Amino acid sequence: MKIWAGMTCMGVGVTINKGPAGISREPGELLLLFGVYSRLKRFVNYLAPWYQVPWRKTFNKILDHTYISGQKFMKKELEGKTVSLTLDLATVLNSTRHFIVCSVHYLADRSSNIMKCCTLYVSQMTQRSTSADICRSLNTALVEFGVDVDQVISTCTDRGANVLKACKDLFGENKVTSCVCHLADNVVQDSLYSLPIVNALLKDVKQIAGFIKRSPTAANLLRTFQMQIGKTAHEDIFIVNMYA
């Protein structure tokens, strides 16, 4: 089980019943897609060559049981505690798929100031992501982990109108807090775009990045040039993609 925990921490992506990383669950059945399974085998073979990865059916069964035991643990952990929630809508890069992500923050016990947090719920939004849809997803998460609405003392999210309305409808007006990081990011972006010189530079960078992404020949030339000057191609390509 330590291997499963290690793989989860290193980003293999275990999310049952929600499935952003190629793992999905239909009623009564958990399916691990072949592409994810083959990459998982290569990863484990590199990490521990002597370890035999279970077959997909066995892995699915273990994963299912792990989720159920984790759900029971979190139910007991959150029972009777006041909690704060962090909410956001995440979009998969180069994809139209988007998910609602809910993290819970709480004190370990009343006698200590030790704060704990956990990603409680990840669910793919298949509808229009209206406030009503988000509200239903949040309520499902709370019921699934035995958290009463009255236990939630605050929610933190970005300034998205749909998420804000969902939080206000479900938890009340006085339990919604805007995320300081999102606010600071908006201030910086608005300030930069208000400067003509910076705005023109950003547009040029976006056009260059877009051209390189569309042209395999240009991308290969860029990687060759980066290697010639001693740069790491992967890192620099990633930096360019941030502006695309």
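Tell me which residues, restricted to the stretch 181-230, are surrounded by fewer than 12 Cβ atoms within 10 Å (Cβ to Cβ), at pLDDT 85 or above and not in a helix (DSSP H, G or I).
Scanning the stretch 181-230 gives 194, 195.
For the stretch 64-117, what are the residues that are over 16 Å from residue 151 (Cβ atoms), modelled with pLDDT of 85 or more and among the hydroxyl-bearing types (Ser, Thr, Tyr)?
Scanning the stretch 64-117 gives 66, 69.
Yes or no: residue 96 touching a Lys or Arg at 6+ places or on another chain (Cβ under 9 Å), surrounded by fewer than 17 Cβ atoms within 10 Å (Cβ to Cβ) and closer than 30 Å to residue 213 by Cβ?
Here the answer is no, as residue 96 does not meet what is asked.
Being in a loop (DSSP other than H, G, I, E, B) and either under 18 Å from residue 134 (Cβ atoms) or out of contact with any Phe, Trp or Tyr (no Cβ under 8 Å at 6 or more places or on another chain) (or both) is the filter here, so list the residues in the stretch 66-99 that pass it. Break it down into steps so the answer makes sense when it comes.
Filtering the stretch 66-99 for residues in a loop (DSSP other than H, G, I, E, B) gives 79-82, 92-97.
Result: 79, 80, 92, 93, 94, 95, 96, 97.
Consider residue 174 carefully, then state whether it is surrounded by fewer than 10 Cβ atoms within 10 Å (Cβ to Cβ), at pLDDT 85 or above and out of contact with any strand residue (DSSP E or B) (no Cβ under 7 Å at 6 or more places or on another chain). Steps first, please.
On the way: surrounded by fewer than 10 Cβ atoms within 10 Å (Cβ to Cβ): yes; at pLDDT 85 or above: yes; out of contact with any strand residue (DSSP E or B) (no Cβ under 7 Å at 6 or more places or on another chain): yes.
Judged against the criteria, residue 174 is a match.
Report whether or not residue 125 is within 26 Å of residue 179 (Cβ to Cβ) and either buried (at least 17 other Cβ atoms within 10 Å of the Cβ) or over 23 Å from the mean Cα position of the chain (by Cα) (or both).
Numbers: within 26 Å of residue 179 (Cβ to Cβ): yes; either buried (at least 17 other Cβ atoms within 10 Å of the Cβ) or over 23 Å from the mean Cα position of the chain (by Cα) (or both): yes.
Against the criterion (within 26 Å of residue 179 (Cβ to Cβ) and either buried (at least 17 other Cβ atoms within 10 Å of the Cβ) or over 23 Å from the mean Cα position of the chain (by Cα) (or both)), residue 125 qualifies.
Counting only residues that are under 24 Å from residue 173 (Cα atoms) and either surrounded by 13 or more Cβ atoms within 10 Å (Cβ to Cβ) or touching a residue at least 40 places away in the same chain (Cβ under 8 Å) (or both), which one in the stretch 105-121 is farthest from the chain's Cα centre (by Cα)?
Among residues in the stretch 105-121 that are under 24 Å from residue 173 (Cα atoms) and either surrounded by 13 or more Cβ atoms within 10 Å (Cβ to Cβ) or touching a residue at least 40 places away in the same chain (Cβ under 8 Å) (or both), the one farthest from the chain's Cα centre (by Cα) is 107.
Filter the stretch 125-180 down to the residues that are in a strand (DSSP E or B), touching a residue at least 60 places away in the same chain (Cβ under 8 Å) and not aliphatic (A, V, I, L, M) and list them by number. Spell out the reasoning first.
First pass over the stretch 125-180, keeping only residues in a strand (DSSP E or B): 152-157, 176-178.
Checking which are touching a residue at least 60 places away in the same chain (Cβ under 8 Å) leaves us with 152-157.
Once the filter is applied, which keeps residues that are in a strand (DSSP E or B), touching a residue at least 60 places away in the same chain (Cβ under 8 Å) and not aliphatic (A, V, I, L, M), the stretch 125-180 yields 154, 155, 156, 157.
Mind listing just one residue for me: the one in the stretch 46-63 that is part of a helix (DSSP H, G or I) and touching a residue at least 40 places away in the same chain (Cβ under 8 Å) and, of those, farthest from residue 146 (Cα to Cα)?
Of the stretch 46-63, the ones part of a helix (DSSP H, G or I) are 46-47, 56-63.
If we keep only those that are touching a residue at least 40 places away in the same chain (Cβ under 8 Å) too, we end up with 47, 62-63.
Values: 47: 37, 62: 23, 63: 21 Å.
Applying the filter and picking the extreme gives 47.
The values are calculated or read from the model by the stated rules, or taken from the named source; none is laboratory data. These numbers were taken from a predicted model, which means no experiment stands behind them. Positions of Cβ are backbone-derived with ideal geometry, glycine not excepted, and every protein chain shown enters the neighbour counts.
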